[in-house]
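Visitor: Next up is a structure, given as structure tokens.
The values are calculated or read from the model by the stated rules, or taken from the named source; none is laboratory data. From a predicted model like this one, the values you see are computed outputs, not experimental measurements. Cβ placement follows ideal geometry from the backbone for every residue including glycine, while neighbour counts extend to all protein chains displayed.
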Amino acid sequence: MSRSGKLLIIGGVALAAFGMLYGLHYAVFIEHQTLDGMGLNLTEAFVHSAERQLPEAHKSVTAYAITKFNYVRQVDVHSHWIGLAMLMIVLGVIFDRVGFSDKVRFWLAVLLLLGSVIFPLGVILQTANHGLVPSALAVVGSAMVIISLAAIAFGFAWHSTPGA
Amino acid sequence: MVSTALSSNVAAAFAPMSARRLLVFGGIALVVCGMLFGDIFAVFVLHQNGGRTGETLLAAAQAAAAQDSTRVRDAFAGIGGLLEDRGTKVDTHVHMTDAGYLALLLALVQPYVALPSQRRKRLAQLFLTGSVMLPVGIFLIHYVGLAYSPFPVIGWASILADAGGAVLIIALLFEAWGLWLYLRGTRTPDAETEIPRENSSAARALLTGGTVLVLLGFLYGAWYSAVDLYGHEAQETSILTKLADAAAANNTQGMNESINQFGGLAAARAVSIAAHSHIIEFGLLAILLSFIQPYVYLSDVWKRRWVKVLLGGSVILPVFVLAELKFGLVAGGIADFGGFLVIVALVGMLVGVLRYSGRLDSATGARS
């Protein structure tokens, strides 16, 4: 097995295990409480509306929006880390079929691995910091994944071309 | 003509009740069951659930307008139940399908897991057990609730699902340990041989088509998160605030408008996320299926047909899911048909693998 294939498989297995452990921790300790919190915020908003206390109702809607913002990203991180890890393992097994030199394949593998770690990391950091850095990390990470995947798809097609 | 020759080398790579055979059969079965569940959910539950959620939210707003806090709380308890019903069914579909993908993936890496064959087989059984426990547990969460549970927020069905997840993690950690041993140079005498490489047009189409589907899914996801995600989140807050204001002012027209906007927004988000996730998952599935083509004992013509059906369904479903916003239920029906095409293609390939293993076993029995 080539070193690029090894890198993708080891990186993929590590990322999948990490993503699953994160998911298990989230499901046991955070998810139920978060969902209950979202439901409570929304209920309070309309209870305040019924009591004609509009400023409190607006505060509850805002609290719901913040909790949901975090919930969406926490779930997305779990699914994206595991999904990207599976993709890396699959591609790792057949990476020698990508029609580039060993060196190019290795750097493509590095790009895909880094992008797969950085992109969801940027997404989850958005729950702690609403500044530019987490969003920039997510954008750069997803760009790395897209560029490497485009090159890999081209490499497969190139390899399949007779005489390539 | 049937394309797969049955050499002793190939036979060794698909031995009866071996880890790989268990994982290939279990993986395809899990994907088929997960997708079938998803199709049934989309046709019989999804839209009805969305409609009831809108009606209950309107009831909550009307209760707020009537200054009846008790009815507001009752309505939101109802919405919580509806969302849990929907969420657990989506999660059942996703986790069952993804466990199937993982099983196919593990079948692929078996030659690199440096553990004795008996242990590999036990790990495959453990993995498949967890793969059934997890989605079944998730499905039951809505129906079992907190009945007889010793915990304040986690019911027995959640415990079953979490235990299934833990079983999967244990199996994967041992598989990872086997991979680590292999990479450190350990070799076992009864190691599985590598899956024979098939350079047929069917395998190539699945490999390249699958990678392109994954890429398209990522491009769409990046576009959605850059253009729509934050806008949708801001819109939801704005609509809910207007709804609370309209309820406080007893403004029936305002409440109805907000409910309609809320339903439209929920639909827009749902179809965007569904299109993104389905096109990527179908791409991954196509890549995985390219590996098992040597085990699909069908003529080249039929292999190519099933590949076309699979890739066709993989494009139709996400495209028409997106078109649902514009063309409504007609597009939804076509999207469901796309999902059905993928299921049919998978069953066709599974039949090919069953034919292959039956022929292999009978040939092995005749030799012994």
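Okay, residues lined up against (1) hydrophobic (A, V, I, L, M, F, W, C); (2) touching a Pro at 6+ places or on another chain (Cβ under 9 Å):
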position	(1), (2)
B:198	no, yes
B:203	yes, yes
B:207	yes, no
B:220	no, yes
B:235	no, no
B:245	no, no
B:254	no, no
B:288	yes, no
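Visitor: Yes or no: region B:197-215 includes at least one residue that is of a type in the set (Lys, Arg), under 30 Å from residue A:143 (Cβ atoms) and at pLDDT below 95. Step through it out loud before you land on a result.
Guide: As a first pass, look at region B:197-215 and keep what is of a type in the set (Lys, Arg): B:197, B:204.
With under 30 Å from residue A:143 (Cβ atoms) added as a condition, the list becomes B:204.
With at pLDDT below 95 added as a condition, the list becomes B:204.
Checked region B:197-215: at least one residue is of a type in the set (Lys, Arg), under 30 Å from residue A:143 (Cβ atoms) and at pLDDT below 95.
Visitor: Still on this model: Any residue in region A:1-19 that's over 16 Å from residue B:102 (Cα atoms) and facing another protein chain (nearest Cβ under 9 Å): show its pairings with residues that are at pLDDT below 85 and part of a helix (DSSP H, G or I) at Cβ separation under 7 Å, as long as the two are six or more apart or on different chains.
Guide: A:6/B:183
Visitor: Among the residues of region B:298-309, is there at least one that is closer than 23 Å to residue B:21 by Cα and in contact with a Pro (Cβ under 6 Å, 6 or more places away or on another chain)?
Guide: no
Visitor: Then there's this: Only one residue in A:156, A:100, A:106 is assigned to a helix (DSSP H, G or I) and either at positive phi or away from chain B (no Cβ under 13 Å) (or both). Which one?
Guide: Of the residues listed, the single one that is assigned to a helix (DSSP H, G or I) and either at positive phi or away from chain B (no Cβ under 13 Å) (or both) is A:106.
Visitor: Let me ask something additional. Kindly indicate whether residue A:68 is at the interface with chain B (Cβ under 8 Å from one of its Cβ atoms) and either under 28 Å from residue B:245 (Cβ atoms) or modelled with pLDDT of 90 or more (or both).
Guide: yes
Visitor: State which residue pairs qualify: first residue more than 8 Å from chain B (Cβ to nearest Cβ) and inside region A:46-57, second residue in a helix (DSSP H, G or I) in any location, beta carbons under 6 Å apart, and separation of 6 or more residues or different chains.
Guide: Correct list of pairs: A:56/A:48.
Visitor: Okay, moving on. Restrict the check to region B:129-149 and report whether at least one residue is closer than 18 Å to residue A:17 by Cβ, under 22 Å from the mean Cα position of the chain (by Cα) and in contact (Cβ under 8 Å) with a residue 40 or more places away in the chain.
Guide: The first filter runs over region B:129-149 and keeps only residues closer than 18 Å to residue A:17 by Cβ, leaving B:130-131, B:134.
Still in the list and also under 22 Å from the mean Cα position of the chain (by Cα): B:130-131, B:134.
From what's left, in contact (Cβ under 8 Å) with a residue 40 or more places away in the chain: B:130-131.
Yes, region B:129-149 contains at least one residue that is closer than 18 Å to residue A:17 by Cβ, under 22 Å from the mean Cα position of the chain (by Cα) and in contact (Cβ under 8 Å) with a residue 40 or more places away in the chain.
Visitor: Quick one: which residue in B:50, B:26 is assigned to a helix (DSSP H, G or I), more than 9 Å from chain A (Cβ to nearest Cβ), within 25 Å of the chain's Cα centre (by Cα) and surrounded by fewer than 18 Cβ atoms within 10 Å (Cβ to Cβ)?
Guide: None of the others qualify; the one that does is B:50.
Visitor: Say whether the condition of being under 30 Å from residue A:2 (Cα atoms), buried (at least 17 other Cβ atoms within 10 Å of the Cβ), in contact with a Ser or Thr (Cβ under 8 Å, 6 or more places away or on another chain) and among the hydrophobic types (A, V, I, L, M, F, W, C) is met by at least one residue in region B:149-166.
Guide: The answer is no, given that none of the residues of region B:149-166 is under 30 Å from residue A:2 (Cα atoms), buried (at least 17 other Cβ atoms within 10 Å of the Cβ), in contact with a Ser or Thr (Cβ under 8 Å, 6 or more places away or on another chain) and among the hydrophobic types (A, V, I, L, M, F, W, C).
Visitor: Which count do you get for residues in region A:14-55 that are buried (at least 16 other Cβ atoms within 10 Å of the Cβ) and of a type in the set (Asp, Glu)?
Guide: So the count comes out to 2.
Visitor: Can I ask one more? So which of B:164, B:210 ends up being closer than 23 Å to residue A:16 by Cβ and more than 10 Å from chain A (Cβ to nearest Cβ)? Spell out the reasoning first.
Guide: On the way: B:210 fails: more than 10 Å from chain A (Cβ to nearest Cβ).
Testing whether each residue is closer than 23 Å to residue A:16 by Cβ and more than 10 Å from chain A (Cβ to nearest Cβ) leaves just B:164.
Visitor: Give the residue that is surrounded by the most Cβ atoms within 10 Å (Cβ to Cβ), with candidates limited to residues of region B:289-320 that are of a type in the set (A, V, I, L, M, F, W, C) and within 14 Å of residue B:35 (Cβ to Cβ).
Guide: Filtering first and then ranking leaves B:317.
Visitor: Quick one: residue A:126 ticks every box in (1) over 21 Å from residue B:229 (Cβ atoms); (2) surrounded by fewer than 22 Cβ atoms within 10 Å (Cβ to Cβ) bar one, so which box is it?
Guide: Failing condition for residue A:126: (1).
Visitor: So which of B:352, B:333 is within 22 Å of residue B:38 (Cα to Cα) and not acidic (Asp, Glu)?
Guide: Exactly one residue qualifies, and that residue is B:333.
Visitor: May I pose another question? State which residue pairs qualify: first residue more than 20 Å from residue A:78 (Cα to Cα) and at the interface with another protein chain (Cβ under 9 Å from one of its Cβ atoms) and inside region A:30-41, second residue of a type in the set (Phe, Trp, Tyr) and in a helix (DSSP H, G or I) in any location, beta carbons under 7 Å apart, and separation of 6 or more residues or different chains.
Guide: Listed pairs, sorted by first residue: A:39/B:76.
Visitor: Follow-up question, since we're still on this one. For region B:65-75, state whether one or more residues are in a helix (DSSP H, G or I), free of Cβ contacts under 8 Å to residues at least 24 places away in the same chain, facing chain A (nearest Cβ under 10 Å) and small (Gly, Ala, Ser).
Guide: yes
Visitor: Further, regarding this structure: Name the one entry in B:191, B:266, B:246 that is within 24 Å of the chain's Cα centre (by Cα), in contact (Cβ under 8 Å) with a residue 12 or more places away in the chain and over 22 Å from residue B:96 (Cα atoms).
Guide: Just a single option satisfies the conditions, and that option is B:266.
Visitor: Can you tell me which residues in region B:98-122 are assigned to a helix (DSSP H, G or I) and either among the aliphatic types (A, V, I, L, M) or surrounded by 24 or more Cβ atoms within 10 Å (Cβ to Cβ) (or both)? Talk me through it step by step, then tell me what you get.
Guide: Restricting attention to region B:98-122, the residues satisfying the condition of being assigned to a helix (DSSP H, G or I) are B:98-112, B:117-122.
Selection gives B:99, B:100, B:102, B:103, B:104, B:105, B:106, B:107, B:108, B:109, B:110, B:120.
Visitor: Let me ask you something else. Which of the following residues is closer than 23 Å to residue B:277 by Cβ, surrounded by 20 or more Cβ atoms within 10 Å (Cβ to Cβ) and within 9 Å of chain B (Cβ to nearest Cβ): A:113, A:149, A:84? Steps first, please.
Guide: On the way: A:113 fails: within 9 Å of chain B (Cβ to nearest Cβ); A:84 fails: within 9 Å of chain B (Cβ to nearest Cβ).
None of the others qualify; the one that does is A:149.
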